[in-house]
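Read through the structure below, which is laid out as structure tokens, and then see the notes.
The values are calculated or read from the model by the stated rules, or taken from the named source; none is laboratory data. All of these numbers come straight from a predicted model, not from anything done at the bench. So basically every Cβ, Gly included, is an ideal-geometry build from the backbone, and we count neighbours across all protein chains shown. Each accessible area value is taken on the protein alone, full model and side chains, heavy atoms only, with ligands, DNA and RNA left out. Shrake-Rupley method; radii C 1.70, N 1.55, O 1.52, S 1.80 Å.
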Amino acid sequence: MTRVLVVEDDAQLVRALLINLQARRYGVDAAPDGATALRLAAARQPDVVLLDLGLPDMDGTDVIKALRGWTRVPILVLSARQASDEKVSALDAGADDYITKPFSMDELLARLRAAVRRTEAAPLTPETTSVKTDDFVIDLFAKRVHRDGRDVRLTPTEWHLLEILVTNPGRLITQKHLLQEVWGVSQSNKTNYLRVYMAQLRRKLETDPSHPRYLITEPGMGYRFEG
């Protein structure tokens with residue numbers, strides 16, 4: 001049974017989540033504040049954490065940082081905070097996804113299932129030498145990409161971006177993180193760089209660049225690779 005830890009101080013929302021999750025045979029623990037959440041996480045070892053940022057005793061971002069000190073459990077943020085900097089802060093702290101309230105239960109459950117699938121899938125390791133999709137193959141060791149039997153020519157910058165994304169499959173990587181890794185701290189606000197290079201990567205790798213299957217944009221937050 002997949003165990004879900006719900007960290008939320010809105011009793012009505014907690015009841016709705018409990019009903020919907022238990023009806024789908026998830027095991028559920030609930031915490032009304034950050035301190036309780038951290039104790040339950042250590043004791044119950046959940047498979048997924050659903051976390052509100054506005055907790056009565058501490059900010060949800062601090063809960064994320066505390067959890068990331070010892071576990072890689074998927075953390076899905078559920079928050080009414082819609083500002084991009086709030087979302088980026090949570091993602092940079094280690095959250096895997098960000099769902100803005102109010103949300104549909106169907107969307108939440110779909111994202112939860114996706115988080116569980118990612119943890120069940122074999123993760124990329126330092127020994128992994130290639131990433132295979134239906135449309136192209138990435139040779140991480142040789143730093144080459146093959147599509148339709150031919151090499152795809154990538155610039156060093158394009159390769160660096162692609163490498164970061166494919167070695168974190170399914171994980172939302174923030175714009176800030178990508179900019180700092182590829183261009184340096186001084187360029188961490190140059191989001192136009194990312195748009196240009198991601199568009200180039202899609203033209204080279206995606207069958208339909210305007211409707212990408214692999215290189216996904218999360219508006220205002222960042223990008224993810226879906227293999």
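Would you confirm, using the coordinates I've provided, whether Asp92 is modelled with pLDDT under 90 and either under 22 Å from Asn168 (Cβ atoms) or touching an Asp or Glu at 6+ places or on another chain (Cβ under 9 Å) (or both)?
Considered against the rule, which asks whether it is modelled with pLDDT under 90 and either under 22 Å from Asn168 (Cβ atoms) or touching an Asp or Glu at 6+ places or on another chain (Cβ under 9 Å) (or both), Asp92 comes out as yes.
Just one of the numbered conditions (1) open to solvent by less than 70 Å² (accessible area, probe 1.4 Å); (2) of a type outside the set (Phe, Trp, Tyr); (3) outside any helix (DSSP H, G or I) is not true of Arg72; which one?
Of (1) open to solvent by less than 70 Å² (accessible area, probe 1.4 Å); (2) of a type outside the set (Phe, Trp, Tyr); (3) outside any helix (DSSP H, G or I), only one is false for Arg72: (1).
When region 1-20 is examined, which residues are found to be assigned to a helix (DSSP H, G or I) and either modelled with pLDDT under 95 or under 27 Å from Glu86 (Cα atoms) (or both)?
Ala11, Gln12, Leu13, Val14, Arg15, Ala16, Leu17, Leu18 - these are the residues of region 1-20 that are assigned to a helix (DSSP H, G or I) and either modelled with pLDDT under 95 or under 27 Å from Glu86 (Cα atoms) (or both).
All but one of (1) within 23 Å of Arg3 (Cα to Cα); (2) without any contact (Cβ under 8 Å) to a residue 12 or more places away in the chain; (3) aliphatic (A, V, I, L, M) hold for Ala83; state the number of the condition that does not hold.
Just one mismatch for Ala83, condition (1).
Is one or more of the residues making up region 12-23 under 22 Å from the mean Cα position of the chain (by Cα), crowded, with 18+ Cβ neighbours inside 10 Å, of a type in the set (Val, Ile, Thr) and within 22 Å of Lys101 (Cα to Cα)?
Within region 12-23 (the criterion being under 22 Å from the mean Cα position of the chain (by Cα), crowded, with 18+ Cβ neighbours inside 10 Å, of a type in the set (Val, Ile, Thr) and within 22 Å of Lys101 (Cα to Cα)), the answer is no, since none of the residues qualifies.
Name the helices (runs of 4 or more DSSP H) wholly within region 117-227 that hold at least 1 residues that are open to solvent by less than 20 Å² (accessible area, probe 1.4 Å), under 29 Å from Asp47 (Cα atoms) and modelled with pLDDT of 85 or more?
Once the helices (runs of 4 or more DSSP H) in region 117-227 are filtered for at least 1 residues that are open to solvent by less than 20 Å² (accessible area, probe 1.4 Å), under 29 Å from Asp47 (Cα atoms) and modelled with pLDDT of 85 or more, what remains is 156-166, 175-183.
Name, by its number, the condition in (1) without any contact (Cβ under 8 Å) to a residue 24 or more places away in the chain; (2) more than 24 Å from Asn20 (Cα to Cα); (3) in contact with a Ser or Thr (Cβ under 7 Å, 6 or more places away or on another chain) that does not hold for Thr100.
Of the numbered conditions (1) without any contact (Cβ under 8 Å) to a residue 24 or more places away in the chain; (2) more than 24 Å from Asn20 (Cα to Cα); (3) in contact with a Ser or Thr (Cβ under 7 Å, 6 or more places away or on another chain), the odd one out for Thr100 is (2).
Within region 188-209, which residues are of a type in the set (S, T, N, Q), more than 25 Å from Thr100 (Cα to Cα) and in contact with a helix residue (DSSP H, G or I) (Cβ under 9 Å, 6 or more places away or on another chain)?
Gln200
Which residues, taken from region 28-55, are under 18 Å from Arg15 (Cβ atoms), more than 18 Å from the chain's Cα centre (by Cα) and part of a loop (DSSP other than H, G, I, E, B)?
Across region 28-55, the qualifying residues are Pro32, Asp33, Leu55.
Kindly indicate the residue of region 81-108 that is in contact with a helix residue (DSSP H, G or I) (Cβ under 6 Å, 6 or more places away or on another chain) and open to solvent by 40 Å² or more (accessible area, probe 1.4 Å) and also nearest to Leu179 (Cα to Cα) among those meeting that condition.
Filtering first and then ranking leaves Ser89.
For Leu78, state whether it is surrounded by 15 or more Cβ atoms within 10 Å (Cβ to Cβ), of a type outside the set (Val, Ile, Thr) and part of a strand (DSSP E or B).
Numbers: surrounded by 15 or more Cβ atoms within 10 Å (Cβ to Cβ): yes; of a type outside the set (Val, Ile, Thr): yes; part of a strand (DSSP E or B): yes.
So Leu78 fits the description; yes.
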